[in-house]
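In what follows, a single structure is set out as structure tokens and then discussed.
Just so you know, all these numbers are worked out from the coordinates, no wet-lab data involved. Predicted model, so just to flag it, every value in this text is computed and none were measured. So basically every Cβ, Gly included, is an ideal-geometry build from the backbone, and we count neighbours across all protein chains shown.
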């Protein structure tokens, strides 16, 4: 099995417009790699280059040790699941799942065995005789996954596979995909999404894309707790990004001294302080900031406070407050030194 994916300087351009710029990225055998980024970031183009639907302008795509850059899709040994399921409406579930196997001329006895195996794995064994119109959206997506798994791929490509589902079904399918990953430890998953929760929940590593380029790559914990740049900090979870000046003993924000690790930034340099909203507390404490309550959002189990501190918004996500402050009230918030990180100064966004 040629598992694993390697992008070796892959560039894709249409009419001179670069939509994927010199991508170097390796997905290890059995790894779930999420490509996370906004629309137009290049993530879907990267996935289509692996699938064989896009021919790179430069660079190579390798599956395991095979250079597949010039191979057609059906010779790559991959499975693919797309956003809109792409099931054939006139075919029953078992016929949809068998479609790729028939195209590969798999013997009939083996075909039946593989179809049954894939449907059992995705929990759809009881629906073999139904047509897609007789299934819910979640069930249709399970059939699409079963069809991809039936060919026993070394690589499974998933392009926004849950975006058409409601929140409850999406949560359930994430759990099912995690289970499938455990049951298929040799299969590499390349998972394209713009949803940070999906990426954080499912991926072993996340590649953050923006403006056709790879911005950063790491484990979900690494990118969340110690992002390398402001874009990653704001796209992988919500973040307070505040402009500071680094001092010999910490940093300074709006005239207030901040206790924070400065090992990454030289004294005297401008930087951006990153702290996650759920790590910001209300009231006195270390690294306290005084401001005015500009916005209050009730979110069921939590309140989100937007505090204006010298013209900058600071977000705090707190367990539901019994007696929340009123808009315009003076408010003090704080955060622990170990919960903040300094980033190189760049284009900042106050609301993550």
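What the table shows:
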| item | result |
| --- | --- |
| Computed over the chain: relative contact order in percent, which uses C-alpha pairs under 8 Å that are six or more apart | 17 |
| Helix 137-150 vs. the chain, principal-axis angle (Cα, 0 to 90°, nearest 10) | 60 |
| Cα long-axis angle, helix 108-121 against the chain (0 to 90 degrees, to the nearest 10) | 20 |
| Computed E for residue 164/residue 327 - FRET, C-beta separation, R0 30 angstrom, nearest 0.05 | 0.20 |
| Angle between the chain longest axis and helix 167-183 axis [Cα atoms, degrees, rounded to 10] | 60 |
| Separation in nanometres of the label points that stand 7 Å from Cα toward Cβ, at residue 67 and residue 178 | 4.0 |
| The chain: most fluctuating residue of 225, 276, 264 per GNM, C-alpha cutoff 10 Å | 264 |
| Two-site FRET efficiency, residue 308 against residue 279, from Cβ-Cβ distance with R₀ of 22 Å, rounded to 0.05 | 0.70 |
| Segment residue 130-residue 113, length gained on full extension (0.36 nm per residue, minus Cα span) | 4.3 nm |
| Taking the range 238-344 and dividing mean pair separation by its residue count, relative contact order in percent (alpha carbons under 8 Å, at least six apart) | 33 |
| Net length gained if the chain between residue 338 and residue 39 were fully extended (0.36 nm per residue, minus Cα distance) | 104.3 nm |
| Prolate/oblate/rounded label for the range 10-160 (Cα gyration tensor, a/c 1.5) | prolate |
| Inter-probe distance in nm under a simple model that places probes 7 Å from Cα toward Cβ, at residue 120 and residue 247 | 6.7 |
| Neighbour-count order for 113, 230, fewest beta carbons within 10 angstrom listed first | 113, 230 |
| Gain upon complete extension [residue 319, residue 14; 0.36 nm per residue less C-alpha separation] | 104.9 nm |
| Computed helical MRE - 222 nm, the chain, DSSP H runs ≥ 4 contributing -39500 (n - 2.57), nearest 500 | -7000 deg cm²/dmol |
